[in-house]
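To keep things clear, I will list the structure first and then write my remarks on it.
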Amino acid sequence: MNTHKRTFLLAALAAPFATPMAAFAQQTYPTKPVRMIVPFPPGGGTDILARLVASKLGESAKWTIVADNRAGAGGTIGIAEAAKSAPTGYDMVMGQKDNMVVAPWLYKHLSYDPTRDLVAVASVAYTPVIIATGANSRFKTLADVVSAARAAPNGVTYGSPGNGTTIHLAGDLFGKAAKVELRHVPYKGSGPALMDVLAGNVDLLMSSVPSAMNQIKAGKLRPLAVTSAVRSSSLPDVPTVAELGYKGFDVSTWYGIFMPARTPAEVVETVNRKINELLATPEMKAAIQAQGAEPLPMTPQQFSTVFQDDYRKWEAIVKASGATIE
């Protein structure tokens, strides 16, 4: 058999086993709309950032990204939806620290393992947790909150987007740092928690900055502190918890795009490149900062390292909190 015939035969035998990546290499991705799963209700920080990315990618890359809210169970319903999707490149999810690294240690019977069933694609942004209260609240400072909590253990309430979220645990960690007992009131997302704080039904709001920013700007919500190591550039006048006497206190959350495991590497690289190009534009930077977050571009490898490191770190934090959900 001559060389040309042998090459042709080997190619013919290999054709039925061509990888999805090879197929993608022969066409321009994407060739149809891409679904972006949003694992929280409309109006929260995750939803705001997801729709911002979807809209701006539509403008800059001419992609059609369709947001699909799949809320519930602290964001785990939406993540599970993404994990079981086909690895074709046409399903992605806006994940965050809550549902990617906290929930697996909190929920006893999750249907997915984020480290096995999903791949980190593109980091988008990070934000501190903000501790806020209604504009008409009796609390003017964080010190007022601590004093009231010491006088009446479990008498001061705080709302969060749900049990076991980073935001919930930030409240738990703050209570431990201040040596006070705060009563947690979980909601199905930041929006409902915010509404109850504005109505005066709950004393404090623990929230991502993007979820609270509009009401802060409107003067309806009074920010007391942020939980990051440094002040938020979007709220430069709001002190950090560490500045207020709780040295070393640092809790923030990140947001990023994940896809089902085994999504072709070329697709992952393409999505990462387009999102990083978007995050580098002054317009996108300003839009993210206007929501109280900070752009955080990374390569897929860098984002995967952050994800994996946080996954291991938060195991101990969740177990120390004593929070578990059946």
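The values are calculated or read from the model by the stated rules, or taken from the named source; none is laboratory data. Because the structure is predicted, anything quoted here is derived from the model rather than measured. Keep in mind that these areas ignore ligands, DNA and RNA; they rest on the heavy atoms of the full protein, side chains included. Shrake-Rupley method; radii C 1.70, N 1.55, O 1.52, S 1.80 Å.
With N as its number of residues, the range 177-326 has a Cα radius of gyration that, divided by 2.2 N^0.38 Å, comes to 1.21. For the chain, the longest principal axis of the alpha carbon atoms and the long axis of helix 166-178 meet at an angle near 40°. Once Rg and the Kirkwood radius are both taken over the C-alpha atoms of the range 29-166, their ratio Rg/Rh works out to 1.07.
Expressed as a whole percent, the accessible area of the range 184-326 that falls on carbon and sulfur atoms is 53 (1.4 Å probe). Per-residue accessible area (protein heavy atoms, 1.4 Å probe) orders R183, R150 as R150, R183, starting from the largest.
The average projected area of the chain, computed from the convex hull of its Cα atoms over all directions, is 18.5 nm².
Over the chain, accessible surface divided per residue gives 44 Å², non-protein components excluded, 1.4 Å probe.
Over all pairs of different C-alpha atoms in the range 93-231, the reciprocal of the mean inverse distance, the Kirkwood hydrodynamic radius, equals 15.7 Å. Per-residue SASA remark: L278, around 10 Å² accessible (1.4 Å probe; ligands, DNA and RNA not included). With one equal scatterer per alpha carbon and no solvent term, the Debye-computed log10 I(q)/I(0) for the range 209-281 at 0.14, 0.21 1/Å reads -0.67, -0.92.
When H184, H109 are compared by accessible area at a 1.4 angstrom probe, the order from most to least is H109, H184. When the inverse distances between all different Cα atoms of the range 179-239 are averaged and flipped, the Kirkwood radius reads 12.6 angstrom.
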